[in-house]
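The values are calculated or read from the model by the stated rules, or taken from the named source; none is laboratory data. Everything numeric in this text was worked out from a predicted model, so none of it was measured. So basically every Cβ, Gly included, is an ideal-geometry build from the backbone, and we count neighbours across all protein chains shown. Remember, those area values only see protein heavy atoms, side chains included, never the ligands or the DNA or RNA. Shrake-Rupley method; radii C 1.70, N 1.55, O 1.52, S 1.80 Å.
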Amino acid sequence: MRYAGVRESFRTAISSLRVRRTRAFLTILGIVIGVATVIAIVSFIAGLDRAVEKEFASIGSDVLYIGKYPWIWTGKWYDYRRRPNITVDIADRLRERLTYAEYVVPEITENGSVSYRSTTVEDVNIVGTSQDYIYIENAEVKMGRFLSEIENARKRHSVVLGWGLFDAFGSDQGIVGKRVYINGRPFKVVGVLARRGRAFGRERDNMVYIPIKTLLKYAKHRQRRSVNICVKGRSIEEIGLLREEVISAMRVIRGLKGYEENDFSINEMSQLLDMYASQTKNIYLAMVLIGALSLLVGGVGVMNIMLVSVTERTREIGVRKALGARRRDILTQFLIEALVLCWVGGVIGIMLGFLLPFLVSVATEFPFAFSVKAVAVGFLFTTGVAIFFGMYPAAKAAKKDPIYALRYE
Amino acid sequence: MLIHLERATKIYLLGNEKIYGLRDVNLSIEKGEYVSVMGPSGSGKSTMLNILGFLDKLTSGRYIFNGEDVSSLSEEKLAFYRNRTVGFIFQTFNLLPRMTALGNVELPLIYRGVRRDVRLRSARSALASVGLSKRMYHRPNELSGGERQRVAIARAIVGSPSMILADEPTGNLDQATGEEIIQILDSLHDAGNTIILVTHEESVARHADRIIRLRDGRVESDERIR
Ligand SMILES: Nc1ncnc2c1ncn2[C@@H]1O[C@H](COP(=O)(O)OP(=O)(O)OP(=O)(O)O)[C@@H](O)[C@H]1O
Ligand SMILES: [Mg+2]
């Protein structure tokens, strides 16, 4: 049951494609576009996944963020606006009540200027927070120490500099203990954080950290400001229990009745992950649709050119049969021709499909991911299309009556 | 006995009309014979050759080949017999245009599943035997009519078939070139091959040992001339 002349079929296929170069190229355009689309989107998403993974790794998924507003808005903004503010006081009361929480940390940010000697840095993120902030953010102290409880209670003018400011101030090794001015007010430097890098498009080194109560003392419109409370769980397995506990504690603190809705939001990383997953799922779906559509168009084109080729080469089929070609020999010959045609399209498509995300990655910071999976998928798709759409013309060729075929002009 | 036809009948159906290609033909051909088939146009010469060469099947009657009844073979078997036992030579050469002479001659052996090196050796020596050693890598459109027909002959003999069937092999050639082709057939016969040659020309037919004349699908005469 051997299939004669597979090698010869490949040669015939390539030479007959060469003869009809323009027609073959037009035919495989659909395949090229289909495969390129699939590859481009698969590798875009692989790059996106990689970027997102990096971002999310910087923030713990065992942390709940209590705020006035949700991260993902589902209701009307004025409903959220009407909610009472979250205060530092609430953070203190939660810390007492919550059994599944390890740290409860309030946080609020403002923009301002920071000066040291003759250098002034504008537009610095001034973070008001408490001593445990550093555990939640996985930040590292490079020099000195982080803020203390006493400093918050006494509303002291203490500051921990982010790495960016330390750098901007000439990397002065003796800066701890010195005085800097935040929005014109004197603060004593108690520590410097190690470099933190970017996350979610936010530069995290251009920050200074001061006691939240100190910040609120001077904050503009301080009665209208709502703080965020970060609650870190004891373990990631108990995050669900922690969420329940936070909700009921908040309701007790707020004095909500059974029928009243929560007037606060509990935010967490997994919501963003879920949203990301559902967004990319849609992209995947669109990709499958576009890819499938162009492959369908390409496949019909392949079928068409193969049918034309079979008719044009009726006499050749007759000759081959007269020389002893069996049906399956003719069938494989034409299937191989369809395969070669589609593979040429597939290879061009794969190259184009990677070229686009590669160029984007060169032009922007977006990471480029070469996905072997994408290549495999592209190859499989084209092979499938070739066999599916090549089968009918090939079968038609194989069935030709040799007498009739030999007389064909 | 190599070939034996018994009340061989071939009917073509054109709509409702029956057209007789062959009608009750009885015929025997021995191994090593050189037979010419003559007759007016439409008398059934090609039909007979197609039947003998396993390209077509009888409507009724029997075809015994090499002592075996081959009247109703499957597609697969027909292809097998075409490949192993027949060497066809056509009026219009029927070479594949995109292949070299060598590639064309190789074809029957490809379908036989012969290894590439063996195949190439056989194809080269077949081409050499028709005097085309220097034209092996030419494509058909780079060859003269006579050279093309010689390539076709090389292709017919490359697999050492039981019989060579030639359907008006000189029909598309001038007198002198036709002579050359017939000379090659003569020498193939001298080497022991069975040859059945369809022709319109009496002078060509006279090269054979025996002339069968057909008319309206029947054998009109069957004479031994040598
Ligand atoms: N496929 C076919 N369908 C219908 N009729 C056919 C077919 N092939 C042959 N015939 C008819 O059968 C008869 C014999 O044809 P055949 O081709 O065998 O004649 P021939 O002797 O080879 O003629 P020529 O010398 O013109 O080649 C003719 O009447 C022809 O029209
Ligand atoms: Mg004829």
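Some observations on this one:
- Averaged per residue, chain B has 44 square angstrom of accessible surface, using a 1.4 angstrom probe with ligands and nucleic acids left out.
- Long-range HN-HN contacts of A:L98 with modeled amide H, under 5 Å: none
- A straight Cα-to-Cα reach below 23 Å connects A:K188 with the lysines A:K142, A:K155, A:K178, A:K213, A:K217, A:K220, residues fewer than 8 places away in its own chain not being considered.
- Whole-number Å³ per residue for the convex hull built on Cα positions in the stretch A:8-149: 333 Å³
- Chain-alone versus full-assembly comparison, the stretch B:62-111, residues with accessible loss of at least 40 Å² (1.4 Å probe): B:E75, B:E76, B:A79, B:R82, B:N94, B:L96, B:R98, B:I110, B:Y111
- Dipole of the stretch A:84-263, positive direction: furthest Cα of A:P84, A:I134, A:S148, with charges on the beta-carbon: A:S148
- Carbon and sulfur %, accessible surface of the stretch A:137-184 computed with the full protein complex present, 1.4 Å: 43 percent
- Computed log10 I(q)/I(0) for the stretch B:53-153 at 0.10 Å⁻¹: -0.34, from the Debye equation with unit scatterers placed on every C-alpha and solvent omitted.
- Where B:R119, B:R23 fall by accessible area, highest first, once all protein chains stay in place (1.4 Å): B:R23, B:R119
- Residues of the stretch A:282-307 with amide N under 19 Å of the 7 Å Cα→Cβ point at A:Y392: A:292-307
- Remark: the stretch A:84-263 is approximated by an ellipsoid whose semi-axes, taken from the C-alpha gyration tensor as √(5λ), come to 32, 18, 14 Å, largest first.
- Rolling a 1.4 Å probe over the protein heavy atoms leaves A:H221 with an accessible area of roughly 110 Å².
- A:I236/A:E140 FRET efficiency (R0 30 Å; Cβ-Cβ; nearest 0.05): 0.90
- Only protein heavy atoms count here; under a 1.4 Å probe, A:V176 has an accessible surface of about 60 Å².
- Candidate cross-link partners of B:K18 among the aspartates and glutamates, defined by an alpha-carbon separation under 15 Å and a same-chain spacing of 8 or more, comprise B:D216.
- Model label points for B:K134 and A:A51, set 7 angstrom from Cα along the Cα-to-Cβ axis, are 7.0 nm apart.
- For the protein assembly as shown, with +1 on Lys and Arg beta carbons and -1 on Asp and Glu, the positive-most of A:I33, A:G170, A:F389 along the dipole: A:G170
- Most fluctuating residue given options A:T364, A:T129, A:T27, as computed from a GNM of chain A linking Cα atoms under 10 Å: A:T364
- Of B:A154, B:A101, B:A128, the one that fluctuates the most in a GNM where chain B has Cα springs shorter than 10 Å: B:A128
- Protein accessible area in chain B, 1.4 Å probe - carbon and sulfur %: 46 percent
- Among A:D49, A:D167, A:D79: highest mean-square fluctuation, GNM of chain A, C-alpha pairs under 10 Å: A:D79
- Across the accessible surface of the stretch A:315-409, with the other protein chains kept in place and a 1.4 Å probe, carbon and sulfur atoms take up 75 percent.
- Net dipole in debye of the protein assembly as shown [+1 Lys, Arg Cβ; -1 Asp, Glu Cβ; about Cα centre; nearest 20]: 1380 debye
- Surface accessible to a 1.4 Å probe, A:F169 within the full protein complex, Å²: 20 Å²
- Tilt relative to chain A, helix A:239-254 - C-alpha long axis, 0 to 90 degrees, to 10: 40 degrees
- Hull volume in cubic angstrom per residue (convex hull over the Cα atoms of the stretch B:50-109): 104 Å³
- Put B:K57, A:K232 in order of accessible area, highest first, and with a 1.4 Å probe you get B:K57, A:K232.
- Leading residue at positive end of dipole, the stretch A:84-263 (Cβ point charges), from A:P186, A:L242, A:L256: A:P186
- Residue order for B:M48, A:M143 - accessible surface, 1.4 angstrom probe, largest first: A:M143, B:M48
- Å² of accessible area per residue within the stretch A:84-263, as computed with a 1.4 Å probe and no ligands counted: 50 Å²
- Buried area at the A-B interface (accessible, heavy atoms, 1.4 Å probe, summed, Å²): 2300 Å²
- D by Stokes-Einstein for the protein assembly as shown, Kirkwood Rh over Cα pairs, 4 °C, 1.567 mPa s: 40 µm²/s.
- Counting only DSSP H runs of at least 4 residues, each contributing -39500 (n - 2.57), and dividing by the residue count of chain B, the helix-based mean residue ellipticity at 222 nm comes to -10500 deg cm²/dmol.
- Cα gyration tensor shape for chain B, rounded if a/c is under 1.5, else prolate or oblate: prolate
- The label-point distance for A:K155 and B:R116, in a model that sets each label 7 Å from Cα toward Cβ, rounds to 9.0 nm.
- Convex hull per residue volume in Å³, alpha carbons only, for the stretch B:117-215: 107 Å³
- 25 Å Cα-Cα reach of A:K321 towards lysines, excluding residues that sit fewer than 8 places from it in its own chain: A:K396, A:K399, A:K400, B:K10, B:K31, B:K45, B:K57, B:K77
- Within-12-Å neighbourhood charge of A:L98 [Cβ basis; K, R +1; D, E -1]: 0
- Dipole moment magnitude, nearest 20 debye, the stretch A:84-263 about Cα centre, only Lys, Arg, Asp, Glu C-beta charged: 740 debye
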